[in-house]
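The values are calculated or read from the model by the stated rules, or taken from the named source; none is laboratory data. As the structure is a computational prediction, the values presented were derived from the model and not from experiment. Backbone-built Cβ (ideal geometry, glycine too); neighbour counts: all protein chains shown. What goes into the accessible areas is simple: the full protein's heavy atoms, side chains included, and nothing from ligands, DNA or RNA. Shrake-Rupley method; radii C 1.70, N 1.55, O 1.52, S 1.80 Å.
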Amino acid sequence: YIVRISYQDRFLNPRTSAEVRCWTNFTQPASPEMPTLIDRTTSTLQVGWLRNETGGVRISHYDLEFRELPRIASVNLNAWALVLHSEDRTLMDQDSNETVFVGLKSSTHFQTRTRACNMLGCSNWTAWSQFRTLSACGDGVVLDGEQCDDGSMNDGDGCSSACVIEAGWICSTVAAADPSTCAPAGIDGIRVGDEECDDCNNIAGDGCSPERRIEDFWQCEHQGRLDARTPCAGALVSESFTADLCHVVCGDGFTHYSEGCDDGNVEDGDGCSKTCSVEIGYTCRFTSAANLYSSECDGLCGDGLIRGSETCDDKNDVRGDGCSNCLVEMGWACERQQRGSGTEQEEVEVCRNTCLNGVIDP
């Protein structure tokens with residue numbers, strides 16, 4: 001700057017001083033403070049910073065650099081080769097010491113830095129500040145209070161549309177940047193996923209295998225009642241469920257070891273009842289040496305009851321008395337008669353010789 005003073009003396013004569021050259025001490029501004037987070041959502045970051053010395057001249061604008069970091073466990077924060085998204089931004093107003101970045105990915109880390117500029121130049125860049133957008137349910141990253149995140153918004157797959165682990169499931173996450181993997185918990189009485197049954201135990205041979213598959217020749221009924229007593233060790237105290245009720249399939253023609261018989265139907269009166277138990281007066285045998293095959297039932301000869309193919313039953317195996325091997329002998333007729341009275345009354349087989357049948361009876 002050139003300074004020259006003009007004035008008048010006491011006699012009103014004009015006077016002028018010599019010119020004096022003055023040098024200012026104005027400089028480039030100092031670097032602002034590192035950007036800090038003001039607010040964030042799943043898709044925005046609002047950041048701000050404080051300015052330092054202006055260098056004696058008005059701040060003309062701020063420059064910003066902004067970049068996205070990849071979702072990996074270890075990141076070289078200064079390696080631009082890893083940057084997936086970058087943005088340069090200039091703010092012209094010296095009072096605009098904050099900005100909002102929009103349209104960002106959820107659950108993602110970003111870096112930003114800034115510098116201040118005036119008419120004499122710009123300051124050094126600040127160090128990088130790192131921020132993360134909030135997690136959005138369904139983005140496959142477990143953060144911000146989420147119990148799980150499998151990358152979908154579907155219910156019924158273990159991780160709900162609200163990113164909460166559903167009843168009957170367990171979910172695990174290897175790293176925060178990885179989607180959750182959910183599988184049926186088992187031993188809790190709740191059928192979920194690909195479970196065919198859940199009888200609250202890991203015992204094989206009771207209808208429901210340890211892999212939660214219905215075993216051969218069994219069927220399991222899903223109870224699914226809340227607040228019922230259950231032996232399930234894995235059930236939550238506040239959410240009790242009833243174990244599956246498994247039983248052998250009666251009527252499929254395969255005699256399970258827990259069945260007395262199985263003749264391929266569920267009808268009474270044929271020796272094998274609708275509950276696959278041997279009926280009174282019958283005996284049942286297997287059509288194979290193994291006990292997992294169909295049953296054939298017939299009357300139990302000698303018990304005094306006429307069942308199946310029997311035509312008589314006199315409670316003995318004596319030949320020549322009219323009933324032999326529970327079949328009426330030739331030349332005889334047998335009928336049932338009541339003998340005794342009261343509690344002693346019983347039905348007996350009475351056989352007699354027949355005449356006029358062309359056979360000389362003894």
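Numerical summary
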| read-out | value |
| --- | --- |
| Trypsin sites (Lys or Arg not before Pro) restricted to DSSP loop in the range 250-350 with at most 15 other C-beta within 10 Å | 274, 315, 319 |
| Accessible area expressed per residue, the range 249-299, with surrounding protein chains retained (probe 1.4 Å, Å²) | 53 |
| Residue among 323, 341, 308 farthest towards the positive dipole end of the range 285-348, charges placed on Cβ | 308 |
| Per-residue SASA entry for residue 192, accessible area with 1.4 Å probe, Å² rounded to 10 | 20 |
| Net charge of Cβ neighbours under 12 Å - reference residue 205; Lys, Arg +1; Asp, Glu -1 | -4 |
| Rounded accessible area per residue of the range 96-135, 1.4 Å, Å² | 41 |
| Accessible solvent surface per residue of the range 301-361, calculated while the other protein chains remain in place, 1.4 angstrom probe, Å² | 67 |
| Portion, in percent, of the accessible area of the range 273-349 that falls on carbon or sulfur, probe 1.4 Å | 49 |
